[in-house]
1. Among Leu19, Leu81, Thr62, whose Cα projects farthest towards the positive end of the dipole of the stretch 1-114, with charges put on the beta-carbon of Lys, Arg (+1) and Asp, Glu (-1)?
2. Within the stretch 1-100, list the GluC sites (Glu not before Pro) lying in a DSSP loop whose Cβ has at most 13 other Cβ atoms in a 10 Å radius.
3. Given labels modelled 7 Å from the Cα in the Cβ direction, how far is it in nm from Glu116 to His37?
4. If you keep only loop residues by DSSP, which trypsin sites (Lys or Arg not before Pro) in the stretch 12-101 have at most 15 other Cβ atoms within 10 Å of their Cβ?
Amino acid sequence: MNPEMTATATAMQIERSVLQDAVVFRIEGRFEFGTRHDYKRLIGQIVQEGHRRLVLDLEGVTFVDSSALGLLLLTDQNFKLKKGHFSLVKPTGYVRQVIELANLPRVIPVYDSIDEAIAGHAEPIALRTPISSSVTIQ
């Protein structure tokens, strides 16, 4: 196992690297309630280090649950509050279906490659199409 790789009790592994000025987390295995503490610890660590760009490579993720989706939304919110950028890369199969059903791509950019994600992060926020949504509860 790579020294930058962290394994959890429920078999999720996270590998951290830095490309240009973006931190890239490559996750493998199941991203679920039982792995939330490791994920939150690593996110807290990169925020504390002052990083403002995060790319999450989901190609090796085989399962996500609702707590993982919540963590992705919280991560996005935290980065936006710090004027940072957060994106997802290469979700496949079941994970892609869950992410699409949860409508996450409307909130968090999803790219087909790490290079595209990094290039997307470099794009000024003002040039991006704003996402607006309204919900009426009766």
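1. Toward the positive end, the furthest listed residue is Leu81.
2. Listed in order of number, the matching sites are Glu4, Glu49.
3. The answer from the label model is 3.7 nm.
4. Answer by residue number: Lys82, Lys83.
Read the figures in this text as sums done on the coordinates, not as results from a lab. Predicted, not measured: the structure shown is a model, and the values here were computed from it. Virtual Cβ from ideal backbone geometry, glycine too; neighbours counted across all protein chains shown.
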